[in-house]
Amino acid sequence: MTINTRDFGEQVISEDKIITFPHGLFAFEEERRFIMLSPLGEDIYPSWLQSVDNENLCFIVYDPGQLVKGYSVTADPESISAIQAENADIRYLVLAVVPEQYKDTTVNLKSPIMINTEKMLAVQTIAAENYPIKFPIFAKEGD
């Protein structure tokens, strides 16, 4: 199938790679189907979480495990049920906010996306752990 994307023009995607969000994302509850675009290579971040149905809706995402050693999430039962994740392999992604000065980019570690990679179902959840909403991904000069 061919989709239009915000940053990469037309892309041919495999329908089995579509990630379905039964409840959408926070503030985007009507958007349910997304695809991961990884222009730097698979599992190399940042990646783009692109809406299949709205070419202008796209999020920059990172693997939180690559940013924070030991990152893990205690999710609520509703989130686990929504993606049928009781015994599934779960992948986590976090949304980035990329300001004009890209070196000030932050990710939201408190509200990760949980993906059941076997069923391609996902949900954005709120971690029980005390993670920051604005975690800087680049070291500041002098740090």
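The values are calculated or read from the model by the stated rules, or taken from the named source; none is laboratory data. Bear in mind the structure is a predicted one, so any value in this text is a computation, not a measurement. Here the Cβ positions follow ideal geometry from the backbone for every residue, glycine too, while neighbour counts run over all protein chains shown.
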Original post:
Which pairs do you get when a residue that is free of Cβ contacts under 8 Å to residues at least 12 places away in the same chain, found in region 124-140, comes within reach of a residue that is surrounded by 14 or more Cβ atoms within 10 Å (Cβ to Cβ) and not in a loop (DSSP other than H, G, I, E, B), reach meaning Cβ atoms under 8 angstrom, with the pair 6+ apart or on two chains?
Top reply: none
Original post:
How many residues are within 17 Å of ARG33 (Cβ to Cβ) and surrounded by 13 or more Cβ atoms within 10 Å (Cβ to Cβ) when one looks only at region 54-83?
Top reply: 8
Subject >> Residue that is farthest from PHE135 (Cα to Cα), among those in region 83-92 that are touching a Ser or Thr at 6+ places or on another chain (Cβ under 8 Å) and not in a loop (DSSP other than H, G, I, E, B) >> reply: ILE90
**OP:** Considering every residue within region 98-107, establish whether at least one is in contact with a Ser or Thr (Cβ under 8 Å, 6 or more places away or on another chain), surrounded by 18 or more Cβ atoms within 10 Å (Cβ to Cβ) and at pLDDT 95 or above.
**Re:** no
Original post:
Residues of region 122-143 being assigned to a strand (DSSP E or B), crowded, with 17+ Cβ neighbours inside 10 Å and over 12 Å from the mean Cα position of the chain (by Cα), which ones?
Top reply: PHE135
